[in-house]
Amino acid sequence: MNNKNEKISHRSLGIISQIAYDVSGIFLSDKKADLVISRLNKRLRENKLSNFEEYCDLIQSNATERSQMIAALTTNVTAFYREVHHFNYLSRLVEEKFIRRIQDGEELRIWSAACSSGEEVYSAAMTVSEVLMGSPSAKIKILGTDIDTNMLKKSKIALYDLEEKKSIPLEKFNKFCLEKEGAFTFKREILELVRFNPLNLIAGWPFESKFHAIFCRNVAIYFDKLTREKLWFRLAQRLHVGGEIYIGHSERISNPELLGLRPVGLNSYKRVK
Ligand SMILES: C[S@@+](CC[C@H](N)C(=O)[O-])C[C@H]1O[C@@H](n2cnc3c(N)ncnc32)[C@H](O)[C@@H]1O
């Protein structure tokens, strides 16, 4: 049976869009019908359903399928050292602003707030490890969170295709990575710095702590203006004064000064008060 659905009714699109918005903040306009069809056809097949009406009945009654739907609707594209300027800013930030405090015992805390399969987290770990090479007792914690638990599993396993090796400068690869079973992973000193937990950015955050740097890149593009602005406000509050937030190349924080932030580079803001 060929059960590829090419059409979705206005009603089904409305139900799917509303649930996506309520659960994850993802905003799907009417123009996204083709994307919804192409991303969700696989979910229909896996659930042996023949049309989107039946799929709407399922997601209204089944929380697990709602999560699968969100995972299918979002893109997980990422890469090691993606938008590399942010890792240069992070390196400068630690070296120029926080190194003394860290050497005096403060834990360096970095948050990758929509980490997908973990590349951003491991890139940050390699970056700060290089800066703090001469401070072996430095305490470092890099938290990766995402709404998509399948991606978090990949992040924790930390086994990457050799194809991705080319995004990592060779001297860093040699210093921090290990080839394993036709793939590569990270040395223990890097794996020990990272933690991964599920977290929905539009729901409550189960920790109170502040961070020296936050990466929140290429996720707010899915949200509407109100959800984005609330997110920037909440993230700004989680930065130490002097800390920096890095956002995606097509994202922007309007009126950063109202949040105590000042632009400090490409898609980067420093908390100044
Ligand atoms: C394009 S990836 C970005 C990965 C990485 N930050 C980067 O820029 O390379 C977007 C990620 O946002 C996650 N996401 C979407 N909605 C979310 C939400 N409400 N809370 C947390 N993560 C979310 C998706 O699961 C996906 O892994």
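Quick note: the coordinates plus some simple rules give every number you see, no bench work behind them. Every value quoted in this text rests on a predicted model; they were computed, and no experiment measured them. Every residue, glycine as well, gets a Cβ built from its backbone with ideal geometry; the counts of neighbours run over all protein chains shown.
Would you mind putting 218-228, 181-191 in packing order, based on average other-beta-carbon counts within 10 Å, highest first?
The packing order, highest mean first, is 218-228, 181-191.
Give me, ordered by chain and number, the residues 5 or more places off F223 or on other chains with an amide H under 5 Å from its own placed amide H.
Residues meeting the criterion, in which the H sits 1.01 Å from N, are F27.
Each residue of segment 36-51 in turn: what ³J(HN,Hα) in whole Hz from Karplus with 6.51, -1.76, 1.60 and θ = phi - 60°, glycine and Pro shown as x?
Whole-Hz 3J(HN,Hα) from phi for segment 36-51: 4, 4, 5, 6, 9, 4, 5, 5, 4, 4, 5, 8, 6, 10, 9, 7.
Take I59, I37 and order them by how many other Cβ atoms sit within 10 Å, fewest up front.
I37, I59
Using Cα pairs under 8 angstrom and six or more residues apart, how large is the relative contact order of segment 137-199, in percent?
53
Just how far, in whole angstrom, is segment 5-39 from segment 55-69 if you go by their alpha carbon centroids?
About 13 Å separates the Cα centre of segment 55-69 from the one of segment 5-39.
With θ set to phi - 60°, apply the Karplus curve 6.51 cos²θ - 1.76 cosθ + 1.60 along segment 108-114 and write out the HN-Hα couplings as whole Hz, x wherever there is a Gly or Pro.
Here the 3J(HN,Hα) series is 7, 10, 10, 10, 9, 8, 8 Hz.
Search the structure for amide H atoms under 5 Å from the amide H of L108, placed 1.01 Å from N in the peptide plane, and list their residues when 5 or more places away or on another chain.
K139, I140, K141
Would you please give the residues with an amide H less than 5 Å from that of C177, counting only those at least 5 places away or on a separate chain, with H modeled from the backbone geometry?
It is K187, by chain and number.
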